[in-house]
Amino acid sequence: MVNEMPEDAGFDRTLSVLKEGYEFIMNRSESLNSDVFETRIMGERAICLTGSEAAELFYDDTRFRRRDAAPSRVEKTLFGEGGVQGLDGERHVNRKAMLMALMDNEAMDEIEMLVLHYWQQYFEEAGSLETVELYEAAKVVFLQVAAKWTGVPLEESETEERAGQVSDLFESPAALGLQHWKGRRARSEANDWIEGFVEEVRAGTLDVDNGKALYTFSWHRDVKGELLDKKVVAVEILNLLRPMTAVSVWVAMIGLAMHEFPEERDKLEGAGEERLEWFIQEVRRYYPFFPFAAARTDVDFEWRGYHFEEGTLTLLDLYGTNRHKKNWVHPETFMPERFEGWQQTPFNFIPQGGGDYDFGHRCAGEFVTIVMMRATLDFLVNSLEYDVPEQDFSFEFNDIPAVPNDKVKINNYRFK
Ligand code: HEM
């Protein structure tokens, strides 16, 4: 027997998505008392899912596809066209393997070392009387880390401008008007920048270590044994540079968490890696970043007695799943110690998507993110002393990505 799917009845909800942002699915799931409901977004019928059981369904690639799921405005800014996010089946597995081949323990050690090095350099060069916005500083530091790790040449003189350009990619996808066009321009400039290096690597005129992403992606062969179009290589290199720079959003949230929960911050002084990691895991769970993942049903099927029609846009609530009452005790409380002895499944903690890294669309950079956040927290707690001036720490739930309004200012810093 097929049941009627709970419905968010009424007109198209695109404006409500923009207004409610991260809380759009959670608000409706609570009022309809259901982890699945249908609505209308951008002129079409859409199904919204939340919670770990629905996440498990969403990541079943026999039922969902990605190729026509992302809105074109998001492809033209955030993702870039032709990248891994929109691939399915063996083409996805081939491309994802190219990315995942980078993610070994040696890489994590190198990234940790680079993060500590560039933070140290940043604060050595900035005058100690200067007020630093942690969010803006992290963008510059992390682009340097990403460029060094991937083998992309980056002159010191161009770092700030490039960091601004790469940030326009992740600050623009949900935006309308001017900010969106800024994102499109940044996308085309950033692609051109990287395509030039791909041409040079292929021509043998740029010497890059053969373990670096710029080298391995330039020579990667697809399922037909052919080299990737240089535009696609650029998109995939930017699939590393862009999100690594975007970890700055979570650095701002680390700053906010230390301000909002000083008793938790105090526990970090001199603490080992484990406690630092609980704290950053709780930051990734508690604060919003990526609102939903999008797919389309690839076949007609039934789930929990509800009919899913082929071709339907489906959104999985990432923020809400990390606060779902079935999965979390006191989800509204910031409690890093919840991660002590905690059991992770592929679907219950999904700030960067769920499912499988190699065969699914789970974020290729989740471990990179954790390492970058942990090293930054370690630096802020154990290597630097600073004051936190009066400022506006609030953020908007419909600002995607959300960052505290004053970008987390610190001043009077000195090395410990
Ligand atoms: C800044 C924090 C980050 C957040 C919040 C984040 C979030 C996400 C999310 C939600 C997805 C999509 C999951 C899905 O479609 O089911 C994703 C995919 C991806 N992420 Fe991240 N990510 C972050 C950092 C990174 C980093 C540092 C890298 C690279 C080093 C990275 C590389 C990727 C790639 C390549 C994909 C596409 C995977 C695929 O389609 O198979 N991300 N990320």
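A few points about this structure:
- When only alpha carbons are used to place a centre, the range 108-123 and the range 364-416 end up 15 Å from one another.
- Exceeding the 19 Å Cα-Cα cut-off - candidates K148/K224; K96/K230; K139/K267; K267/K326: K148/K224; K139/K267; K267/K326
- Residue-count net charge about F397 - beta-carbon cut-off 11 Å; Lys, Arg +1, Asp, Glu -1: -3
- Taken along the Cα-to-beta-carbon direction at a fixed 7 Å, the label points for T333 and T62 span 4.2 nm.
- Loop-resident GluC sites (Glu not before Pro) (DSSP state other than H, G, I, E or B) in the range 140-193 with no more than 12 further Cβ atoms inside 10 Å of their Cβ: E155.
- Given their separation in residues at 0.36 nm each and the Cα-Cα distance between them, E340 and F359 gain 4.0 nm when the chain is fully extended.
- Summing charges over neighbours of R338, with a neighbour being any other residue whose Cβ is under 9 Å away from its Cβ, gives -2 when K and R count +1 and D and E count -1.
- Relative contact order computed over the range 10-162 (Cα-Cα under 8 Å; 6+ residues apart), in percent: 12
- Prolate/oblate/rounded label for the range 166-311 (Cα gyration tensor, a/c 1.5): oblate
- Only protein atoms count toward the accessible area here, which uses a 1.4 Å probe; on the range 14-415, the carbon and sulfur part of that area reaches 47 percent.
- Computed on the chain, with alpha-carbon pairs under 8 angstrom and 6+ residues apart, the relative contact order is 25 percent.
- Under 19 Å from the A9 label point (7 Å along Cα→beta-carbon), backbone N, the range 297-315: 307
- Residue among H259, Y59, A137 farthest towards the positive dipole end of the chain, charges placed on Cβ: Y59
- From helices alone, the chain scores -14500 deg cm²/dmol at 222 nm; the rule is -39500 (n - 2.57) for each run of n ≥ 4 DSSP H residues, then divide by the residue total.
- Selected from V74, V388, V166 as most flexible by GNM, with the chain as the system and alpha-carbon contacts under 10 Å: V388
- GNM result for the chain, Cα springs below 10 Å: residue of P291, P336, P389 fluctuating most strongly: P389
- Taken along the Cα-to-beta-carbon direction at a fixed 7 Å, the label points for E385 and K416 span 1.0 nm.
- Within a straight-line Cα-Cα reach of under 26 Å, K325 can be paired with the following lysines, leaving aside sequence neighbours fewer than 8 residues apart in one chain: K19.
- Rounded to whole Å, the principal axis extents of the Cα atoms in the range 14-415 read 61, 56, 43, largest first.
- Inter-label distance, Y122 to E156: 1.7 nm, where each label sits 7 Å from its Cα along the C-beta direction.
- Using the Cβ of L154 as centre and a radius below 9 Å, the other residues enclosed give a net charge of -1, where K and R count +1 and D and E count -1.
- For Y413, the residues 5 or more places off, or on other chains, whose built amide H falls under 5 Å of its own are D387.
- The slack between A97 and L129, meaning 0.36 nm per residue of separation minus the straight C-alpha distance, is 6.9 nm.
- Dipole magnitude for the range 14-415: computed about the Cα centre from +1 point charges on Lys and Arg Cβ and -1 point charges on Asp and Glu Cβ, it is near 1160 debye.
- Accessible surface computed residue by residue for the range 14-415, with neighbouring protein chains in place and a 1.4 Å probe, gives 42 Å² per residue.
- Across the protein chains, with a 1.4 Å probe defining accessible surface, the residues S172, S128 rank S128, S172 from largest area downward.
The values are calculated or read from the model by the stated rules, or taken from the named source; none is laboratory data. Nothing here was measured: the structure is a model prediction, and the numbers come from that model. Neighbour counts run over all protein chains shown; Cβ positions are idealised from the backbone, glycine included. These accessible areas exclude ligands, DNA and RNA; they are computed on the full protein's heavy atoms, side chains included. Shrake-Rupley method; radii C 1.70, N 1.55, O 1.52, S 1.80 Å.
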